[in-house]
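A.B. asks: The structure's right below; bear with me while I get my questions together.
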């Protein structure tokens with residue numbers, strides 16, 4: 001199975017169009033006001049409505065309430081929710097529908113107890129394993145020890161995030177976890193917060209998938 005790839009923290013319309021041309025599996029838009037990549041009220045609704053079926057729109061939230069999330073789903077046509085806070089399994093299940101997937105993020109370090117994931121197995125479509133930061137949620141450009149993934153024994157597929165750059169791809173492709181489905185990139189592929197380096201992403205796609213982008 002070929003690895004999937006997600007570009008997170010998008011905001012600027014032309015940059016979105018340029019990255020979309022590379023056909024990533026997912027594009028992520030952050031709806032967390034404390035993020036440098038906060039996208040609400042900046043995104044072009046018509047542009048998001050024109051996305052091809054090959055790229056899913058992911059809304060990233062941190063402990064947001066249900067009305068706020070549902071408003072953004074309707075406004076921007078989001079197809080997946082990426083939840084980065086302390087959202088409960090019950091909350092994940094409440095949001096999940098036939099047309100709306102849920103990906104729960106977990107911040108990983110050496111002290112992380114993978115058994116805490118068990119209650120989410122029946123309520124989420126995917127997991128995202130990111131590096132635990134001293135403060136904040138994601139976008140910090142740091143890797144965790146990927147050998148810790150050996151402790152994950154459930155069967156919900158996961159994306160890997162946290163400091164992934166071009167030099168990481170050989171190790172990414174060497175990972176042999178049975179439900180590892182792909183990567184989520186952000187700060188290592190930016191010219192500035194929310195402005196992605198399209199040339200670097202072309203190289204990423206080539207390294208990850210073997211497909212050359214014109």
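Read the figures in this text as sums done on the coordinates, not as results from a lab. Everything numeric here is computed off the predicted structure, so don't read it as measured data. A quick note on method: Cβ atoms are made from the backbone with ideal geometry, for glycine too, and the neighbour counts reach across all protein chains shown.
A.B. asks: As a check on your grasp of the helix formula, calculate [θ] at 222 nm for the chain: sum -39500 (n - 2.57) over DSSP H runs of n ≥ 4, divide by the residue count, round to the nearest 500.
C.D. replies: That calculation yields -6000 deg cm²/dmol at 222 nm.
A.B. asks: Tell me the Kirkwood radius of segment 102-214: reciprocal of the mean inverse pair distance over distinct alpha-carbon atoms, in Å.
C.D. replies: Mean inverse Cα-Cα distance, inverted, gives 15.0 Å.
A.B. asks: How much length is gained on full extension from residue 66 to residue 50, taking 0.36 nm per residue of separation minus their Cα-Cα distance?
C.D. replies: Gain in length upon complete extension: 3.2 nm.
A.B. asks: Which percent, nearest 5, of DSSP beta bridges in the chain are antiparallel?
C.D. replies: 10 percent
A.B. asks: For the pair residue 88 and residue 200, what calculated FRET efficiency results from E = 1/(1 + (r/R0)^6), where r is the Cβ-Cβ distance and R0 = 30 Å, to the nearest 0.05?
C.D. replies: E between residue 200 and residue 88, to the nearest 0.05, is 0.20.
A.B. asks: Classify segment 25-93 from the C-alpha gyration tensor, please: rounded if a/c falls under 1.5, else prolate or oblate depending on whether a/b exceeds b/c.
C.D. replies: Note, shape of segment 25-93 comes out prolate.
A.B. asks: So what's the gap between the Cα centers of segment 1-74 and segment 150-184, to the nearest angstrom?
C.D. replies: Measuring centre to centre over Cα atoms gives 21 Å.
A.B. asks: Let me make sure I get this right: for segment 148-214, a, b and c are the square roots of the gyration tensor eigenvalues over alpha carbons, sorted descending. Under 1.5 in a/c it's rounded, otherwise prolate if a/b > b/c, else oblate. Which is it?
C.D. replies: Prolate shape, in that a/c is at least 1.5 and a/b is the bigger ratio.
A.B. asks: When 92, 116 are ordered from fewest to most other Cβ atoms inside 10 Å of their Cβ, what list results?
C.D. replies: 116, 92
A.B. asks: Could I ask something else about it? Quote the FRET efficiency, to the nearest 0.05, computed for residue 113 versus residue 211 with a Förster distance R0 of 45 Å and r equal to the Cβ-Cβ distance.
C.D. replies: Plugging the Cβ-Cβ distance into 1/(1 + (r/R0)^6) gives 0.75.
A.B. asks: Could I ask something else about it? Counting just the Cα atoms, what span does the chain cover along each of its three principal axes? Round to the nearest Å and put the largest first.
C.D. replies: 42, 41, 32
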